[in-house]
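Structure first, then comments.
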Amino acid sequence: MGRFRHGFLSCKQKQKIASIRKGQNIRQTARTVLLDHAYTTSYPSSSYKQPDLSNFINEEVVDENNVNITSDDSWRNGRRVVELGVLADNLAACKQCGLPLSLQNCLNITTCGLAAVLKVLCVNQSCKNINAIPTGKQHNRIWDVNTKLATASIHTGLGERQVNGFLSTLNIPPVSHRMFDQRQNEIGTILEEIAEKSMKEWTEKEKSMTKECSGNDDITVAVDAGWQKRGSGRSYDSLTGHCSMIGTRTGMILDYSLRSRTCRVCVTARRMKKIPKVHTCRKNYSGSSKAMEADMVVQMVADARIKGTNIMTIVGDEDATTIARLRNKVDKSIIKLSDSNHVKKTLGKSLFALRNKHSRLTTKIIYYFMKCFNFLVAQARGRPEEISKNLPALSKHPFGDHTSCDPSWCQSFEDSSMKFRSLPYGKPLKDKQLQASLSTLFSNYITQSEKLAKLESTQGNESFNNTVASKAPKNRHYGSSGSLGYRVAASVIQKNKGHKYLVDANRTAGLSPGVHTSKVSALRDLQYKKRKAIAITKKAKLRRLELKTERNQDISSCEVREGISYQSGIDMEESRLDPENITEIPPPRNSRIEASPKHDSVTEIFFDIEATGLSRSSHITQLAAKSAAESFSRFVLPQHQITPKAAEITGLTFENGQLLSNGNVLPAVHIKKCLNDFISFLEKTKNNVLIGHNVQTYDCVLLYTSLQKCNLLDKFKSTVIGFIDTLPLFKLSHPGLNSYSQTNLFETFMSKSYEAHRADEDVDALCTLVNKKIELNVHFEKVYIPECVISDKFNSIKELHKNLPSLKLLIDRKILSLGMARIIASSGLCLEHLKLAFSRNGCKGIKDLFTEKSGSGVRVTKSEKIIRQVSDFLKE
């Protein structure tokens, strides 16, 4: 009978079916009897009611040849991956009559992974052919897009679950697990073939370069293994591992090997108690994870020798018995060279272990010793006797003993008063016990001078392991199937050929290289070469060290400020959770950086303030402002008496709750009323920049203090974008004057005087001066002060007044000068904060706190002398 479609239809749906019916043979089968039987069976006769079938369709549409041409709208649902060129070419003409086709006449869709076949009906009444329209190209009856999906999943480290999660999020139909595996096996086999070919090519190049340089065929290779599961330090139980062998002259991979302790097919069959089907078993190892590296290296060296590659020297770390097993199973004369990075790490661990016994061995001093060691080894490469001679100097030179130094690197032979730039105070160390411990440590390395003179690097292997980890992440298990092998092979080709291996894989598989694939691959390879070229420069190396130092400093400072925040089992030790250990020290203020606006986009508003005195805690008595269109002036009732000096200057007095000017009562208002009126005045214009004389150190402080007391500071900030202080402006534009007070400037440039120290008169005078004697647009960017800068300075003054009294004892004992105490207080620190920092990490805690980055400088100071004095005081 064919396929039936049923459901309640809208008017538009009915019209569509009617248009399909027109001119075609329709066969409609109404199954009323069956429906009646179903309802009779389901409902008792008393409750049974004949259903209304007037709007119930149960039909299929066929042509004269009984071919089902029922329309199915499922192709409209979701999104599809379509090659537009292929779709356009196939829709150009009907395969039977040659007339153009339209997607509007699509009947249904058959999904094939990411590809699909659309069934499109020809509208020619004499043709009515149903055309199969593919959405992409094929090779050997396999859709190209599905093969490229498998390639992309290997390249980016995604599995079938991640791919389908990605597709379904984009509302693209997911692909089946079977299809995904088939396509991954297809492209994976090709990747392994390309990897094998690439390794053969580089092996020949390695042999030729070795012969040119040394005159023999004895090749030196670097080996290192990686595992797909991280070891905890106590347990190493990864089911899979890989190992790479890189030629030291070419820097390319000559061979690689995999080990897997499990096979998915075998495990599944065992769980279901069945015999495994015929398959390629992926289990090729039954030993422990720790022994994988030695096993793989032995196999690779043995295989290389069978193929005619004479590997005589192995570069590796000191963490495995690889060389012993090689000498036992392959060749007793094989030479072992140590990895420089592992030697440096071992020294670093030893030095940090000494820090537990010697508190003066700080991180900075440890890095100094490591730098000296690295320099010594690098300069004496290939000369073990020179390393043996100079190693004792590492435990003497930093302590001022130059008996073992060499004039080629020690400056003391030329300048006996030389300073140690990397040591505290620039002076040599004086801890004899520390010197003895260091002497014992470095004496152990003297016996290893032969190894130290021939250090090589396995950095290329580590880089390869990172590439493998990006394609086979450690949080996903690909090792029980062929997927891990494909991903490691892809990593090998990427190491040997770059990202263009994707283009080669597509060509080998019979696919188009891909325009966008080629472009992005070329771009990634170019970026890699550029980064590599930059990374080996001296500037880049110094920058990396600088960034590392900054990160370490930032971490140390945060840990001192935060106290105990994370520690194994800390929540079980209630005695250590007292407030002192978890009280946080306030962080430094980091000033915001805002770009200066254009001069023609701002509104200039001149303002001035008169107050009860000259101190920063004075109260406002008059506030005046003036824009191009309007003026503002208010007298304010102060909260305390006006000082005699201020009364003499301004002529204002405060008696019996009234503000007087030369004995006359002024119409004064409360400060909150004045500030609300001022904000309303500012809200009439946008992008306001307040301009005043010497406002940065006086007027702004008084204004912000009053605004904060009245809870109006945030509202005021929303109406102002910045300030201009005309005092530095006139110094910049008119240098060399005897005095830059506003009254003197007005008399100098205008040749007359005015009624000074009246806020409204001062505003008018300043406005006249600036408009006639200053080209503000020329100097605007130099003198413009963003509002955030003024706000930060105001906050610093608040912190200063709050914290300075607590530092009085340090000032009295001459531990700190008044200026340094003010810097510490304004940075947000008080004596209790210094005590907390010292209790958490001693002298280093104080140093981390004082040298913490703040804006473009440090929070307090880098002075070792001040840090030591404060630490000694707190220690008492």
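Would you tally the residues in region 817-846 being at pLDDT below 90 and over 17 Å from residue 582 (Cα atoms)?
Selection size over region 817-846: 2.
Which of the residues that make up region 764-773 are surrounded by 19 or more Cβ atoms within 10 Å (Cβ to Cβ) and under 14 Å from residue 731 (Cα atoms)? Outline the logic, then answer.
Here is the first cut: in region 764-773, the ones surrounded by 19 or more Cβ atoms within 10 Å (Cβ to Cβ) are 765-766, 769-770.
Answer for region 764-773, where residues must be surrounded by 19 or more Cβ atoms within 10 Å (Cβ to Cβ) and under 14 Å from residue 731 (Cα atoms): 769, 770.
Which of the following residues is surrounded by 10 or more Cβ atoms within 10 Å (Cβ to Cβ) and at pLDDT 90 or above: 604, 580? I'd like the intermediate steps shown before the answer.
Values: 580 fails: at pLDDT 90 or above.
604 is the lone residue from the list that is surrounded by 10 or more Cβ atoms within 10 Å (Cβ to Cβ) and at pLDDT 90 or above.
Identify, from the list 323, 311, 275, the residue that is touching a helix residue (DSSP H, G or I) at 6+ places or on another chain (Cβ under 8 Å) and open to solvent by less than 60 Å² (accessible area, probe 1.4 Å). Give the derivation first.
Values: 323 fails: touching a helix residue (DSSP H, G or I) at 6+ places or on another chain (Cβ under 8 Å); 275 fails: open to solvent by less than 60 Å² (accessible area, probe 1.4 Å).
Only one candidate qualifies: 311.
So, residue 675, is that one modelled with pLDDT of 95 or more, of a type in the set (A, V, I, L, M, F, W, C) and either crowded, with 21+ Cβ neighbours inside 10 Å or assigned to a loop (DSSP other than H, G, I, E, B) (or both) or not?
On the way: modelled with pLDDT of 95 or more: yes; of a type in the set (A, V, I, L, M, F, W, C): yes; either crowded, with 21+ Cβ neighbours inside 10 Å or assigned to a loop (DSSP other than H, G, I, E, B) (or both): yes.
For residue 675, the condition - modelled with pLDDT of 95 or more, of a type in the set (A, V, I, L, M, F, W, C) and either crowded, with 21+ Cβ neighbours inside 10 Å or assigned to a loop (DSSP other than H, G, I, E, B) (or both) - is met.
Could you list, ordered by first residue, the pairs with Cβ atoms under 7 Å in which the first is in region 530-545 and over 24 Å from residue 368 (Cβ atoms) and the second is open to solvent by less than 90 Å² (accessible area, probe 1.4 Å) and in a helix (DSSP H, G or I), at least 6 apart or interchain?
534/540
Give the residues of region 407-417 that are surrounded by fewer than 15 Cβ atoms within 10 Å (Cβ to Cβ) and part of a loop (DSSP other than H, G, I, E, B), sorted by residue number.
Across region 407-417, the qualifying residues are 407, 408, 409, 414, 415, 416, 417.
If I ask for residues that are surrounded by 20 or more Cβ atoms within 10 Å (Cβ to Cβ) and either without any contact (Cβ under 8 Å) to a residue 60 or more places away in the chain or not in a strand (DSSP E or B) (or both), which ones from region 683-715 would you list?
693, 695, 699, 700, 701, 702, 703, 704, 706, 707, listed by residue number.
From the residues in region 450-483 that are part of a loop (DSSP other than H, G, I, E, B) and among the hydroxyl-bearing types (Ser, Thr, Tyr), which one is least open to solvent (accessible area, probe 1.4 Å)?
458
Let me spell it out: the conditions are (1) of a type outside the set (Asp, Glu); (2) touching a Pro at 6+ places or on another chain (Cβ under 6 Å); (3) at pLDDT 90 or above; (4) open to solvent by 10 Å² or more (accessible area, probe 1.4 Å), and residue 654 meets all of them except one. Which number is the exception?
(3)
Is it true that some residue in region 222-229 is open to solvent by 60 Å² or more (accessible area, probe 1.4 Å), in contact (Cβ under 8 Å) with a residue 12 or more places away in the chain and outside any loop (DSSP other than H, G, I, E, B)? Can you show your working first?
Within region 222-229, the first condition is being open to solvent by 60 Å² or more (accessible area, probe 1.4 Å), and the residues that meet it are 227, 229.
Subset that is in contact (Cβ under 8 Å) with a residue 12 or more places away in the chain: 227, 229.
Checking the rest, the ones that are also outside any loop (DSSP other than H, G, I, E, B) come to 227.
Taking every residue of region 222-229 in turn, at least one turns out to be open to solvent by 60 Å² or more (accessible area, probe 1.4 Å), in contact (Cβ under 8 Å) with a residue 12 or more places away in the chain and outside any loop (DSSP other than H, G, I, E, B).
Go through 542, 526, 547, 511 for me and flag whichever is open to solvent by less than 80 Å² (accessible area, probe 1.4 Å) and part of a helix (DSSP H, G or I).
547
Under the condition of being open to solvent by less than 50 Å² (accessible area, probe 1.4 Å) and in a loop (DSSP other than H, G, I, E, B), which residue from region 126-170 is farthest from residue 472 (Cα to Cα)?
This residue is 127.
Identify all residues within region 171-189 that are in a loop (DSSP other than H, G, I, E, B), surrounded by fewer than 17 Cβ atoms within 10 Å (Cβ to Cβ) and at negative phi; write none if there are none.
Selection gives 172, 176.
Output the residues belonging to region 772-804 that are in a helix (DSSP H, G or I) and under 12 Å from residue 726 (Cα atoms).
Within region 772-804, 773, 776, 779, 780, 782, 783 qualify.
For region 809-823, does any single residue satisfy the condition of being of a type outside the set (S, T, N, Q), in a loop (DSSP other than H, G, I, E, B) and open to solvent by 50 Å² or more (accessible area, probe 1.4 Å)? Write out each step before concluding.
Restricting attention to region 809-823, the residues satisfying the condition of being of a type outside the set (S, T, N, Q) are 809-816, 818-823.
Imposing the further condition that a residue be in a loop (DSSP other than H, G, I, E, B) reduces the set to 813-816.
Still in the running and open to solvent by 50 Å² or more (accessible area, probe 1.4 Å): 813-814.
Yes.
Kindly provide the set of residues from region 607-639 that are more than 19 Å from residue 680 (Cα to Cα), surrounded by fewer than 21 Cβ atoms within 10 Å (Cβ to Cβ) and within 51 Å of the chain's Cα centre (by Cα), ordered by number.
Listed by number, the residues that qualify are 614, 615, 616, 617, 619.
Could you tell me which residue of region 640-651 is surrounded by the most Cβ atoms within 10 Å (Cβ to Cβ), considering only residues that are under 22 Å from residue 607 (Cα atoms) and under 60 Å from the mean Cα position of the chain (by Cα)?
642
Per-residue answers, yes or no, for (1) in contact with a His (Cβ under 8 Å, 6 or more places away or on another chain); (2) over 17 Å from residue 370 (Cβ atoms); (3) among the hydroxyl-bearing types (Ser, Thr, Tyr):
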{"position": "421", "(1), (2), (3)": "no, no, no"}
{"position": "430", "(1), (2), (3)": "no, yes, no"}
{"position": "436", "(1), (2), (3)": "no, yes, no"}
{"position": "439", "(1), (2), (3)": "no, no, yes"}
{"position": "444", "(1), (2), (3)": "no, no, no"}
{"position": "448", "(1), (2), (3)": "no, no, no"}
{"position": "452", "(1), (2), (3)": "no, no, no"}
{"position": "461", "(1), (2), (3)": "no, yes, no"}
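I'd like the full set of residues that are assigned to a helix (DSSP H, G or I), open to solvent by less than 50 Å² (accessible area, probe 1.4 Å) and either modelled with pLDDT of 95 or more or out of contact with any strand residue (DSSP E or B) (no Cβ under 8 Å at 6 or more places or on another chain) (or both), limited to region 74-85.
85
Determine which member of the set 313, 309 is among the hydroxyl-bearing types (Ser, Thr, Tyr) and part of a loop (DSSP other than H, G, I, E, B). Write out each step before concluding.
Values: 313 fails: part of a loop (DSSP other than H, G, I, E, B).
Answer to the selection: 309.
What pairs can you find where one residue is in region 357-385 and without any contact (Cβ under 8 Å) to a residue 12 or more places away in the chain and farther than 30 Å from residue 872 by Cα, the other is surrounded by 14 or more Cβ atoms within 10 Å (Cβ to Cβ) and not β-branched (Val, Ile, Thr), and their Cβ atoms are less than 9 Å apart, with a gap of 6+ or different chains?
378/340; 378/455
Just wondering, is there one or more residues in region 284-300 that are within 30 Å of residue 548 (Cα to Cα), of a type outside the set (Val, Ile, Thr) and open to solvent by 40 Å² or more (accessible area, probe 1.4 Å)?
Taking every residue of region 284-300 in turn, none turns out to be within 30 Å of residue 548 (Cα to Cα), of a type outside the set (Val, Ile, Thr) and open to solvent by 40 Å² or more (accessible area, probe 1.4 Å).
Within region 421-429, is even one residue open to solvent by 80 Å² or more (accessible area, probe 1.4 Å), farther than 26 Å from residue 341 by Cβ, in a loop (DSSP other than H, G, I, E, B) and modelled with pLDDT of 85 or more?
no
If I filter region 230-283 down to residues being among the polar types (S, T, N, Q) and in a loop (DSSP other than H, G, I, E, B), which single residue comes out as nearest to residue 192 (Cα to Cα)?
Filtering region 230-283 for residues that are among the polar types (S, T, N, Q) and in a loop (DSSP other than H, G, I, E, B), the one nearest to residue 192 (Cα to Cα) comes out as 280.
Of all residues in region 103-125, which are out of contact with any strand residue (DSSP E or B) (no Cβ under 6 Å at 6 or more places or on another chain), surrounded by fewer than 19 Cβ atoms within 10 Å (Cβ to Cβ), touching a residue at least 12 places away in the same chain (Cβ under 8 Å) and more than 25 Å from residue 144 (Cβ to Cβ)?
Scanning region 103-125 gives 123, 124, 125.
Can you tell me which residue among 715, 752 is of a type in the set (Lys, Arg) and farther than 24 Å from residue 650 by Cα?
Details: 752 fails: farther than 24 Å from residue 650 by Cα.
None of the others qualify; the one that does is 715.
The values are calculated or read from the model by the stated rules, or taken from the named source; none is laboratory data. For clarity, every value in this text was computed on a predicted model and none was experimentally measured. FYI the Cβ positions are ideal-geometry reconstructions off the backbone, even for glycines, and counts take in every protein chain you see. Side chains included, ligands, DNA and RNA excluded: accessible areas come from the protein's heavy atoms. Shrake-Rupley method; radii C 1.70, N 1.55, O 1.52, S 1.80 Å.
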